[in-house]
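Worksheet: the structure to be examined is printed underneath.
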């Protein structure tokens with residue numbers, strides 16, 4: 001969160017995150033190259049680069065796609081989410097090196113335009129065994145490029161969080177394309193079942209985690225049967241909400257986070273203005289509701305970011321009666337001051 | 001995530017959860033039992049011992065060969081630098097020609113190395129052998145070679 005424009009908002013956590021990431025990538029690449037030179041001494045430098053960067057990128061993509069559902073199921077994984085964008089851009093750079101070297105190696109040494117050659121040198125589009133798998137990689141790389149190019153908050157602000165998030169959900173399409181790129185490409189020539197099994201395991205893990213997280217969340221959705229007379233709806237007992245934490249409810253399409261803090265109850269919209277992060281999964285730090293994704297903050301009683309920041313979310317009326325919490329799902333305009341309900 | 005995006009997310013993974021395993025299994029089933037190696041080297045004929053005549057370019061040489069113990073003639077391409085054309089086919093004719101009509105295909109030339117094609121006895125009588133290098137991708141002849149059969 002920053003008032004002034006800065007290309008990258010570096011802080012200690014981000015630097016540690018990036019150093020660990022680059023260290024692990026470096027370690028993987030060195031190990032890959034050394035093992036290949038030991039076991040396949042005739043391998044060329046170009047082939048080594050293509051294989052090392054391609055395999056590293058697909059492993060990273062699996063890690064990236066696991067972070068989201070893991071965080072939704074267990075908040076202990078949230079530190080991994082904090083700087084996932086750098087992980088994504090680094091993965092794209094590796095994929096780009098893989099794609100670039102592959103295009104040069106297989107399509108740029110003739111007298112045909114490499115892109116024309118990519119699409120037309122093999123036209124067996126109806127064959128599985130001989131499918132032109134490089135085309136799948138090309139389209140996946142195109143999606144990853146769009147994502148990497150728009151990953152900065154500049155684009156998030158200008159495209160709007162909804163459009164930006166929709167664009168970045170294209171990563172799932174890219175993932176599907178890349179699984180088939182590998183399966184119809186290098187693994188059609190691979191005799192050892194180990195690689196197929198590893199990729200299958202990765203794919204099952206990703207699909208399983210995403211579906212589990214999605215259906216767990218669906219179960220948690222709070223849907224009241226009817227509105228109370230005065231517009232307030234019974235939500236839960238006070239004891240159901242941990243101190244400085246929230247209970248999230250979905251009422252008539254309104255995603256509401258009801259926070260308990262300092263003997264008070266306040267309700268704000270659950271969706272962070274930054275990247276639509278789940279505010280209700282965050283906690284109150286220094287008197288501010290803090291988004292678990294990237295640390296954007298809001299005051300619980302008015303949904304405003306503390307000055308000089310200008311983000312605002314809608315607020316809701318709440319009341320407490322006989323230790324039961326009630327909320328009125330009709331939102332106040334963004335940033336409207338609402339008197340917190342006192343816990344007696 | 002907002003509710004609508006969460007819902008879209010769930011639908012997307014339900015779809016991927018069905019489609020991806022199907023694609024994955026289909027790809028596994030499509031893996032060929034035996035990977036056919038480039039059979040060029042396997043079928044490469046024995047090298048004829050004597051060179052009758054040669055034709056030289058910067059990136060390749062062509063030798064017309066004979067052998068006292070073997071029938072007919074042999075054309076050998078010694079490729080020094082890979083062709084820029086991705087797929088090169090060699091056509092053979094007894095008469096000078098610009099196109100591959102009424103010619104016979106000898107085979108495909110691959111990367112650097114020796115590529116040999118036997119012409120059979122019929123080539124013995126011809127004073128000259130005409131070879132056409134054909135770009136399969138662009139479907140056009142890109143080189144005509146005339147080589148003396150003396």
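The set of residues from region B:121-142 being in a strand (DSSP E or B) and surrounded by fewer than 17 Cβ atoms within 10 Å (Cβ to Cβ) comprises B:128, B:140, B:142.
Number of residues in region A:72-106 that are within 11 Å of chain B (Cβ to nearest Cβ) and either free of Cβ contacts under 8 Å to residues at least 24 places away in the same chain or under 26 Å from the mean Cα position of the chain (by Cα) (or both): the value is 1. In region A:253-289, the residue that is nearest to the other protein chains (Cβ to nearest Cβ) out of those that are under 18 Å from residue A:317 (Cα atoms) and not in a strand (DSSP E or B) is A:253.
When we screen A:320, A:235 for residues that are outside any loop (DSSP other than H, G, I, E, B), over 30 Å from residue A:67 (Cα atoms) and touching a helix residue (DSSP H, G or I) at 6+ places or on another chain (Cβ under 9 Å), the only hit is A:320. Can we say residue A:219 is over 23 Å from residue A:61 (Cβ atoms) and within 14 Å of another protein chain (Cβ to nearest Cβ)? Yes: the conditions hold for residue A:219.
So that you can scan it fast, the table gives a plain yes or no per residue for (1) within 14 Å of chain A (Cβ to nearest Cβ); (2) loosely packed, with under 15 Cβ neighbours inside 10 Å; (3) at pLDDT below 90; (4) out of contact with any helix residue (DSSP H, G or I) (no Cβ under 6 Å at 6 or more places or on another chain):
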{"residue": "B:33", "(1), (2), (3), (4)": "yes, yes, yes, yes"}
{"residue": "B:42", "(1), (2), (3), (4)": "no, yes, yes, yes"}
{"residue": "B:54", "(1), (2), (3), (4)": "no, yes, no, yes"}
{"residue": "B:105", "(1), (2), (3), (4)": "no, yes, yes, yes"}
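For region B:73-101, a residue qualifies if it is within 14 Å of chain A (Cβ to nearest Cβ), assigned to a loop (DSSP other than H, G, I, E, B), within 17 Å of residue B:114 (Cβ to Cβ) and in contact with a strand residue (DSSP E or B) (Cβ under 9 Å, 6 or more places away or on another chain), and the qualifying residues are B:81, B:83.
Here residue B:107 meets each of (1) part of a strand (DSSP E or B); (2) more than 14 Å from the chain's Cα centre (by Cα) with one exception, condition (2). Condition (residue is facing another protein chain (nearest Cβ under 8 Å), in a helix (DSSP H, G or I) and in contact (Cβ under 8 Å) with a residue 40 or more places away in the chain) applied to region A:143-158: is it met by at least one residue? The answer is no; no qualifying residue exists. All told, residue A:205 meets the bar of being at pLDDT 95 or above and more than 10 Å from chain B (Cβ to nearest Cβ).
The values are calculated or read from the model by the stated rules, or taken from the named source; none is laboratory data. Quantities reported herein were computed from a predicted structural model and do not represent experimental measurements. Reconstructed Cβ throughout: ideal geometry from the backbone, glycine too, with neighbour counts over all protein chains shown.
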